[in-house]
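Down below is the structure, laid out as structure tokens.
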Amino acid sequence: MYDVMGKTVEEPDPETMRRVLEGLAQADDEHPDVSLTHESGWCLSAFGGGLLVWENPDEDSVAPGEMRDVGREETVRLFGLLAAGDIASIDALSWQR
């Protein structure tokens, strides 16, 4: 996981994920998001205001998806699913592509 300043957070638990998300209060144009990347290449990025971006930068055939107005606890839940490798559950959500 990467915090808003790009610092690596290894194997974050839900409480650490919440703290990293709180760091979005210091987001700026250069550092707008926090993210978690699974070893499969799938990445979930959270931006201020509840924007989530779901993508696999290594997979050109799949367009990134967006979800807006996502609450903090739902974001933590999705980060937890990604950390556990449950790609299918995240991918099955209503992403705007």
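Results, tabulated for the structure shown:
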read-out: Top-ranked residue of the range 17-38 - restricted to ones that are polar (S, T, N, Q) and in a strand (DSSP E or B), ranked as surrounded by the fewest Cβ atoms within 10 Å (Cβ to Cβ); value: 37
read-out: Hey, residue 40 touching an Asp or Glu at 6+ places or on another chain (Cβ under 6 Å), touching a residue at least 12 places away in the same chain (Cβ under 8 Å) and among the hydroxyl-bearing types (Ser, Thr, Tyr) or not; value: no
read-out: Pairs, first assigned to a loop (DSSP other than H, G, I, E, B) in the range 1-16, second among the polar types (S, T, N, Q) and surrounded by 11 or more Cβ atoms within 10 Å (Cβ to Cβ), C-beta under 9 Å, six or more apart; value: 1/16; 1/35; 1/37; 4/26; 5/26; 9/16
read-out: Among the residues listed as 80, 41, 85, the single one being surrounded by fewer than 16 Cβ atoms within 10 Å (Cβ to Cβ), in a helix (DSSP H, G or I) and not charged (D, E, K, R); value: 80
read-out: Residue within the range 56-72 that is surrounded by fewer than 16 Cβ atoms within 10 Å (Cβ to Cβ), in a helix (DSSP H, G or I), more than 9 Å from the chain's Cα centre (by Cα) and not hydroxyl-bearing (Ser, Thr, Tyr) present; value: yes
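All of the numbers you see were taken from the coordinates with simple rules; none came from a lab. This is a predicted model, so every value here is computed, not measured. Neighbour counts run over all protein chains shown; Cβ positions are idealised from the backbone, glycine included.
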